[in-house]
1. What's the long-distance tail for chain B, i.e. % of Cα pairs beyond 37 Å?
2. Kirkwood Rh over alpha-carbon pairs of chain A, then Stokes-Einstein at 20 °C and 1.002 mPa s: what D in µm² s⁻¹, rounded to an integer?
3. So how far apart, in nm, are the two label points at A:T27 and C:Y157 if each is 7 Å from Cα heading toward Cβ?
4. Using the Cβ atoms and a cut-off under 14 Å, what net charge is assigned to the surroundings of B:N408, where Lys and Arg are +1 and Asp and Glu are -1?
5. Return B:Y279, A:Y108 ranked ascending by Cβ neighbour count within 10 Å, so the fewest neighbours appear first.
6. So for chain B, taking the charge dipole from beta-carbon charges (+1 Lys/Arg, -1 Asp/Glu), which of B:G439, B:G70, B:L167 sits furthest toward the positive end?
7. Grab every C-alpha pair in the protein assembly as shown, bin the distances at 20 angstrom width from 0 up to the longest one, and report whole percents.
8. Which residue, chosen from A:L170, A:Q205, A:A190, occupies the Cα position most advanced towards the positive end of the dipole of the stretch A:124-241, where the dipole is computed from +1 (Lys, Arg) and -1 (Asp, Glu) charges on Cβ about the Cα centre?
Amino acid sequence: MKKTVIGLAAAMTLALAGGAHAQGYPTKPVTMIVPFAAGGPTDIIARIVGDHMSKTLGQQIVIENVAGAGGTTGITRAMTAAPDGYTIAMGHLGTFSAAPATYPGLKYDPINGIQPIGLAGGTPILIVARKNLEANDLKSFVAAVKANPDKFNEAHAGLGSVSWTTCTLLKGQLGVPKLNAVAYRGTGPALNDLVSGQIDFMCDQIVSVSEQVKAGTIKAFAVASAQRSPALPDVPTTTEAGLPEYQIEAWNGLAAPKGTPKEAVDKLVDALNKALNDENTKKRLLDLGAVIPTATDRTPEGFGALIKRDAAKLDPALKSAPR
Amino acid sequence: MDMFSNLSLGFGVALSFQNLALCFVGCLVGTLIGVLPGVGPIATISILLPITFGLDPTGALIMLAGIYYGAQYGGSTTAILVNIPGEATAVVTTLDGHQMAKQGRAGIALGTAAIGSFVAGCFATVVIAALGAPLTKMALLFGPAEYFSLMVMGLCFAVVLARGSILKAFCMIMLGLLLSTVGTDLETGQERLTFGIPALADGIDFSVLAMGIFGFAEVLRNLETPEARDVVRAKIGRLLPGWSDIKQSAMPCMRGTVIGGTLGILPGNGAVLGPFASYTVEKKIAKDPSRFGKGAIEGVAGPESANNAGAQTAFIPLLTLGIPPNAVMALMVGAMTIHGIIPGPQVMTRNPELFWGMIASMWIGNLMLLIINLPLVGLWVKLLQVPYRLMFPAILIFCCIGIYSVNNQPLDVAFTAMFGLFGYLLIKLGFEPAPLLLGFVLGKLMEEKLRQALIISRGSFMTFLERPISAGLLLVAVAVLVVALMPSMAKKRDEVFTE
Amino acid sequence: MSLNQIERARGLRIRSSQDFAAGLFMIVLAVLALVLARDLPMGSLRQIGPGMLPTWFSIFCAALGLLQIVGSLRFNGEALSGWSWRGVIFVLGGACVFGLTIRGFDFGPIRFPSLGLLVAGPLVMLISGLAANDLKWKELIIFTVAMSAACILLFKYALSLPIPLAPWLLGI
């Protein structure tokens, strides 16, 4: 018994050691940190894209969910890891563009202190309201909110979440930053209370709310993108509905620690690009209501510029939000 | 009838060879990870998510659902044998289940849990099939105010649940509530009571606290009193419940199913309350409540049935509304969206084979669990015969790996050790840790719901009394509390006079 | 003589050291929480601040602790029992060593290496095994090797958890 056990252990060690001597990056599995719990929108995009990237890289991409503090815990761990190309992270609008204004003690600098890889997917943001609210379009809704802000309750999924970030931007632009905000742990419970009419409106990613809108249990005022979403072609864009300045998308993108070797970055950019060109992967992302990124946004430079652009857009609203 | 044609469609889907195999694999994996302390269904389902990419959505969801209720099943095994609740819902099972194991009735406890879960599972499947759609409306009746009152009622139940001093039980609940406030404030993002430690920024993880004050502290307690643990392995006793055991547990099992099934539908993880509520009810209506906490079979049958019924009815809000009531169901949403099915009110009409196939597979899965588990009962009980000097290092390595894998945070393991010390201290001070865990679980939700309700009512406490459901729940809470406190006060007074 | 006088005659003394310590324990924890929460804004009923509930829960905890102490002076109860350091040191120490070495950890100037499951697993079992008073070395070592191998196969390969195996040796 004893011999077998020791023999088995030894054999296993040898077999494992044997596998790790290939040439060039990557020679071992790459860890992709997802700073949110498994099953959320970011996690799903990471898994869909990571699945295909593994094929191009010839090494497994291991998804590691490190949730906490609006995603900044996981991104902090990834951005302070050894810059060897074996630790990358899938962040989103919140962790890269909104975090500096949301979390004053942030331990990474998303503008200058990271190595962007590329955008993986964008999800349109929808302004939705309970079905029996008087207002029936964005214009009358905006007018009602401005006239009587105290009558409205907005729901969001906690400080730092996409729904909080995008709704805070909306409230800032409407000039009602102090509007009653009801915090929930996750958009699921918030949606429940919106369907049952306990709260009046919220902003959320199209994938979480589109079925409810189709079923008529809640109503959608506008989608905050340049184009209408194929998932809900009847919902106007904010430009069409009369609030052109409210343009925001909940994107997800890959980044590595600053100082990651160029060879590794290039290979990762290439793998991401191939994944986004793959019909099957594309279809999966489109099913989620996601927008496939343009060629520019898939490059490190394009993605870096997007982070900077959105940070500038969000900064004033987030900093003046009541805490 | 419509329901029968739907169910036959479902069974047609679920009985295909591939789906049967997937259901079996799911149940087996679920049982395994449920038995291992620390590795919960959340971690496992998220890891197995990519594997399901290649399957069709129905098969994938059948397997993932199997893992989920299989884990609920397996979790009670660990709770009974080694007194570690792997999931919040197994906390109550430790109270009488582990006592039964100590009395050499481990096999009967495990058998009762398995049969109770099966009965509850069958019942819950029928409920989902028949009432899924209308019951959804119930979930919509519960706003923040109702939910807060429900939590208050849950905490009052916890007082009744207590063994020993009621004052000490109160202390534990309050401490649990206090611990639940540790971490970043949801609304303002301010850190509370964290000592500035980043790992505490998101609060204390349930598994860290539970493994610490139950798992590690139990090991410390057992090391101290070698006699107590030897009793567990001296007598193994019968493996299957006898006729008198079945008679005793039949009614608790039915009541537990109804209670657990009802609470499971509520949004925001109402299923957690099921086992607690069932235990309280059993203790209240028992002829001799003093047997509870000392190995009463009703204290295993009721909560275990409630647990399993709640685990299944928790699918109702997901399948009919598309709203996940807890973290595992949120993962299910993820699994469905990966396969291009956006959960919502339209799943039932647009993907009937998925909806009814899943429901039918739940019943099949429950039958499989019974078949897998009953022969295993003997094996699990034999595990108790492993000398304790070898058993506790094994428990420890499982706990360490499990805790690490919850968040991939090494510091969590050290925190668990700290809570182990804390739990050992609690034992030394005569505190019972179960109410602390309940206070902790409910505390987060309670604060969230209280704040939501008060923002919506613009700061008026009357909202809790003006809404009829909320007022009713508070009334029950007060009644339970009065009933629980009266005899104990009388008893204390007696002690003064007889001293 | 009335009962009250009997009480008084006995004087105030600690009748249950366990309950007395329990009360003290509650008060200490409550005061600690109050100190930590002192700077958090309380908010108003309409908009409850982050400090409101921690403060109130601490006050309740302290009050319950006080009741416990009063009770310990009036009613007889159990005395404090002994404390076993052996278990605390080896069992909890073993777990801490696992946490510190599984993927490495920086603690101020001290740097713990990232040893991975291949080393941290056996370490936790061997260290904690020392806590047993009927320790048998040979048996423990064999069992440790077997359990560690089983855990690696189960968690790393069967369940494929993202847990480091042996970064210093295998790079994963």
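1. Values: 30739 of 124251 pairs.
For chain B, the fraction of Cα-Cα distances above 37 Å is 25 percent.
2. Stokes-Einstein gives a translational diffusion coefficient of 103 µm²/s.
3. In this crude label model, A:T27 to C:Y157 measures out at 2.3 nm.
4. Taking every other residue near B:N408 into account, the sum is -2.
5. Placing the least packed residue first, the sequence is A:Y108, B:Y279.
6. Farthest towards the positive end: B:L167.
7. Calculated over all Cα pairs of the protein assembly as shown, the distribution is 13, 46, 35, 6, 0 percent.
8. A:L170
Coordinate-derived values only; no laboratory data. What you see is a predicted model; the values in this text were computed from it and never measured. Heads up, the Cβs are rebuilt from the backbone with ideal geometry, glycines too, and the neighbour counts pull from every protein chain shown.
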